[in-house]
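So the structure is just underneath, and the comments pick up after that.
The values are calculated or read from the model by the stated rules, or taken from the named source; none is laboratory data. All of these numbers come straight from a predicted model, not from anything done at the bench. Using ideal geometry, Cβ is built from the backbone for each residue, glycine included, and neighbour counts are taken over all protein chains shown. In case anyone asks, the SASA skips ligands and DNA or RNA and just uses the protein heavy atoms, side chains included. Shrake-Rupley method; radii C 1.70, N 1.55, O 1.52, S 1.80 Å.
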Amino acid sequence: MASGSRWWVGLGRSGLEENGGVQGAAVAVAAFRAGALVGGRSPGFAARGAAAQPASLRGFSHYRLFPKALGQLISKYSVRELHLSLTQGFWRTRSWGQPYLQAPAGAELWVWFQDSVTDLDKAWKDLSNILSGIFCASLNFIDSTNTVTPTASFKPLGLANVTDHRFLRYAVLPREVVCTENLTPWKKLLPCSSKAGLAVLLKAERLFHSSYHSQAVHIRPICRDASCLTVSWELRQTLTVVFDSFASGHGKKDWSLFKIFSRTLTEACPLASQSKVYVDISSRGQEKELLEVSPAPLSVHEASVQGERRTYAVYDLLNPLLFNSSRSLNVQLKWKRPQDGLDLPAPVLHAQRYVSGYGLQTGEISTLIYNTHPYRAFPVLLLETVPWYLRLYIHTLTIITKGKENKPSYIHYQPAQDRRRPHLLEMLIQLPANSVTKITIQFERALLKWTEYTPDPNHGFYVSSSVLSSLVPSVIAMKDEEEELSPLFASLFPSSDGSSYFVRLYTEPLLVNLPTPDFSMPYNVICLTCTVVAVCYGSFYNLLTRTFQVEEPNRGGLAKRLANIIRKIRGVPPL
């Protein structure tokens, strides 16, 4: 199926808490920004928001826009940055294009603590348990067996001078299932919840009837001005959904907000200082003449996003002219004639991962990393987290590029300990231009205790996704844009210069079968034993409790005597 038949959706909000100046004077500023992105060729929708109110890195002065539950959590456990994502499905990069903010399948949590925390492991465990209750997720299953401390892959995204990776904790639960009970508390963190603004489109039965769903929360400290005299907390909520508009549209690629969400936009959130909908109308060649967007946008914005020049039709919900002709906004996109084969160009960086081998003793993990840039080479940082019950043979690690060995310039390996910690492998690999790099490593499967198996052991055991981080060369010259004008989805990983942009990708999670005992044998033994005990004990108990009585023979009544007299006359023996 062509990539143009796919829908991607993202929704987010940022909350800021600030404390002003070197002298500590509180600046009572509150703001909330919201934005939405709707794809054109690949139909989609996205929304973002931002809010600001007084606070400092040590505490919060008030909670006008910032959720109190998260603010108290940050203050109590001295959190510097917190990033949580709950994802159902896998983002297909080669079919849907490069994601603005990808997340691995399941639940991902990584936290930077402040250097004042003494017992990091205890703070990490308590923090994950509280987040489990806030978002109704299984984050309480995060422990030392699935927690690692990366040295280079996850750097602070906000204002931070922390270089000591000891204050970082990272964990993934690849088997976590995302459902309505996770979406409801996420929506309640928004200033207007789902009562007004862009969040009214978040209808659970529509969102979860999709090919991909990911919701995330990002908290980080940022600068409020160019001189960075004011430091603020930013809360950014994102939601990304991919719909199959080709199937839902009965073979047509036309879409609208009402067709996708069964709802339309009627007003902006009253607390929002900015609320915009961006429709991606970027095109190649003659495609622009084939697209028709209605209603007509009030303005058009061009931005450099992930190394490409994008054109967006902008609908400002705070503009009173938008709702003059109609009380609601229902953005529609139509193709003037049917289009087939509008495939997206291959991303510059993408990867895939799989397990090979036979039997239940040994196997091999293979990762393929693609660099499709025609003439630029660039390094990529690979992070592998493997559970302890897959015993890696690190001496079998091979990296092959264009038939030659590719030696990593940096490698960090932390071996696993049985039932205590997983394997951690980080490598910095140089990717030549227009190349495919294959990374393989062999492993041996361990035999678990019978109490360590899951309720469905024959389904297999999940291995979390690999993480790829890189500065990808840009195809075009990227220029700095004003934060207020640029879409919010393009500001989490800003471009450091005009020649490259930061990309973080995740590969597929792996499903590995382990040696599994016959769990039906104990059931058969239990059934047989219970049957024998029931028969033997039942018979013995019956003999002990039954009362036996001797009955005298009955001589019979008048009818019997008359019958014997008749039988005697006839010569028949008596009864």
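Output the number of residues of region 333-364 satisfying the condition of being assigned to a loop (DSSP other than H, G, I, E, B), at pLDDT 80 or above and over 25 Å from residue 99 (Cα atoms).
5
Please specify each residue of region 261-282 satisfying the condition of being in a loop (DSSP other than H, G, I, E, B) and of a type in the set (Val, Ile, Thr).
Across region 261-282, the qualifying residues are 264, 266, 281.
Considering region 175-192 alone, what residues qualify as being in a loop (DSSP other than H, G, I, E, B), open to solvent by 30 Å² or more (accessible area, probe 1.4 Å) and either over 22 Å from residue 232 (Cα atoms) or in contact with a His (Cβ under 9 Å, 6 or more places away or on another chain) (or both)?
Answer for region 175-192, where residues must be in a loop (DSSP other than H, G, I, E, B), open to solvent by 30 Å² or more (accessible area, probe 1.4 Å) and either over 22 Å from residue 232 (Cα atoms) or in contact with a His (Cβ under 9 Å, 6 or more places away or on another chain) (or both): 175, 177, 179.
Can you tell me which residue within region 392-423, out of those that are touching a residue at least 12 places away in the same chain (Cβ under 8 Å) and on the phi > 0 side of the Ramachandran plot, is nearest to the chain's Cα centre (by Cα)?
Applying the first criterion (touching a residue at least 12 places away in the same chain (Cβ under 8 Å)) to region 392-423 yields 392-394, 396-402, 406, 408-423.
Next, from what is left, pick out any that are on the phi > 0 side of the Ramachandran plot: 402, 419.
Numbers: 402: 33, 419: 25 Å.
Among those that are touching a residue at least 12 places away in the same chain (Cβ under 8 Å) and on the phi > 0 side of the Ramachandran plot, it is 419.
Please report, ordered by residue number, the strands (runs of 3 or more DSSP E) entirely within region 376-453 with at least 1 residues that are open to solvent by less than 70 Å² (accessible area, probe 1.4 Å), among the acidic types (Asp, Glu) and modelled with pLDDT of 95 or more.
378-386, 423-431, 435-445
Specify which of the listed residues (167, 135) is within 18 Å of the chain's Cα centre (by Cα) and modelled with pLDDT of 90 or more. I'd like the intermediate steps shown before the answer.
On the way: 167 fails: within 18 Å of the chain's Cα centre (by Cα).
Being within 18 Å of the chain's Cα centre (by Cα) and modelled with pLDDT of 90 or more holds for just one of 167, 135, which is 135.
Which of the residues that make up region 53-76 are open to solvent by 30 Å² or more (accessible area, probe 1.4 Å) and either modelled with pLDDT of 80 or more or over 15 Å from residue 222 (Cα atoms) (or both)?
Listed by number, the residues that qualify are 61, 62, 63, 64, 68, 69, 72, 75, 76.
Just one of the numbered conditions (1) closer than 30 Å to residue 473 by Cα; (2) open to solvent by 30 Å² or more (accessible area, probe 1.4 Å); (3) of a type in the set (D, E, K, R) is not true of residue 292; which one?
Just one mismatch for residue 292, condition (1).
Where the second residue is in a loop (DSSP other than H, G, I, E, B) and the first is over 18 Å from residue 83 (Cβ atoms) and lies in region 136-153, which pairs have Cβ atoms under 8 Å and are six or more apart or on separate chains?
Short answer, once both residue conditions are applied: 144/420; 145/387; 145/388; 145/419; 145/420; 145/422.
For region 365-374, which residues satisfy the criterion of being open to solvent by 40 Å² or more (accessible area, probe 1.4 Å), more than 19 Å from residue 104 (Cα to Cα) and either assigned to a strand (DSSP E or B) or modelled with pLDDT under 90 (or both)? Walk me through it before giving the result.
Residues of region 365-374 open to solvent by 40 Å² or more (accessible area, probe 1.4 Å): 370, 372, 374.
Pick out the ones that are also more than 19 Å from residue 104 (Cα to Cα) and you get 372, 374.
Scanning region 365-374 gives a single hit, 374.
Would you pick out the residues in region 81-100 that are charged (D, E, K, R) and either crowded, with 23+ Cβ neighbours inside 10 Å or within 14 Å of the chain's Cα centre (by Cα) (or both)? Before the answer, list the steps.
Keep residues of region 81-100 that are charged (D, E, K, R), which gives 81, 92, 94.
Within region 81-100, 81, 92 meet the criteria.
Restricting the search to region 146-180, which residues are among the charged types (D, E, K, R) and under 24 Å from residue 241 (Cα atoms)?
Of everything in region 146-180, those that are among the charged types (D, E, K, R) and under 24 Å from residue 241 (Cα atoms) turn out to be 175, 176.
Taking the stated definitions as given, is residue 527 in a helix (DSSP H, G or I) and open to solvent by 60 Å² or more (accessible area, probe 1.4 Å)?
no
Name, by its number, the condition in (1) among the β-branched types (Val, Ile, Thr); (2) loosely packed, with under 15 Cβ neighbours inside 10 Å; (3) at pLDDT below 85 that does not hold for residue 475.
(2)
What do you reckon, is residue 258 outside any strand (DSSP E or B), touching a strand residue (DSSP E or B) at 6+ places or on another chain (Cβ under 9 Å) and at pLDDT below 80?
No: the conditions fail for residue 258.
Kindly indicate which of 141, 154, 208, 167 is touching a Leu at 6+ places or on another chain (Cβ under 7 Å) and open to solvent by 40 Å² or more (accessible area, probe 1.4 Å).
Every option except 141 fails the conditions.
Tell me which of these residue 362 doesn't satisfy, since it passes every other one: (1) surrounded by 17 or more Cβ atoms within 10 Å (Cβ to Cβ); (2) over 23 Å from residue 154 (Cβ atoms).
So the condition that residue 362 fails would be (1).
Between a first residue in region 82-95 that is over 19 Å from residue 181 (Cα atoms) and a second residue that is basic (Lys, Arg) and open to solvent by less than 30 Å² (accessible area, probe 1.4 Å), which pairs have beta carbons less than 9 Å apart while being 6 or more apart in sequence or on different chains?
From region 82-95, the pairs are 82/220; 83/220.
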